[in-house]
Amino acid sequence: METLKLYFETAFDGKKENIIIEVPYDDGMVATSEFCPTHLLEGGVRLIAALRGDFLESFISNCRMQLAASSKIDKAESELDRHIGGLIAVVMDKMAANSPLPYSVLLNCIDCFSLILKARGVETEEIKKIYPHVLETIINLYPDYIEDISA
């Protein structure tokens, strides 16, 4: 498995910013679940589930959509709030196209969000604390639009 460096250009508050996201890559897939707590992963074998990821093109699209949405949020109280807004916008877009939204797609969105935070300098431990709270909030906000993984 090699490490890819993906470059994204965006603008926050009118200032251009280059963001570099590094992800493990192999055979068209990127491993995205670096920050997802193991107990939240789906699948019977946790080691296999922990290596879950996304197709490279899908991941790049997800990152671009989140960064574009985040860059349009002018009145966020913090950078974290700005990125949460971008995440929610992409999740809502995906729910509109595919309801109920598969749990794995939701996790991929939050994985992307987490890797963007990392690229913007947020500490690893902070991202690991944020991840389950963001997931729980989205599931609680849209319970009828997220695939029920307990079924």
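Extension gain for the segment Glu17 to Ser104, taken as residue separation times 0.36 nm less the Cα-Cα distance, is 28.4 nm to one decimal. Distances between placed amide hydrogens fall under 5 Å for Thr32 paired with Gly53, Asp54, all partners being 5 or more residues away or on another chain.
By a straight-distance test (C-alpha under 15 Å), which aspartates and glutamates pair with Lys75 as possible cross-link partners, with residues fewer than eight away in the same chain excluded? Once the sequence-local aspartates and glutamates are set aside, what remains near Lys75 is Asp13. Each residue, Ser61 and Asp93, gets one label point 7 Å from its Cα in the Cβ direction; the gap between the two is 1.0 nm.
Each pair of Cα atoms in the chain enters the Kirkwood radius, and Stokes-Einstein at 20 °C and 1.002 mPa s then converts it into a translational diffusion coefficient of 136 µm²/s.
No lab work stands behind these numbers, since they all come straight from the coordinates. Bear in mind the structure is a predicted one, so any value in this text is a computation, not a measurement. Virtual Cβ from ideal backbone geometry, glycine too; neighbours counted across all protein chains shown.
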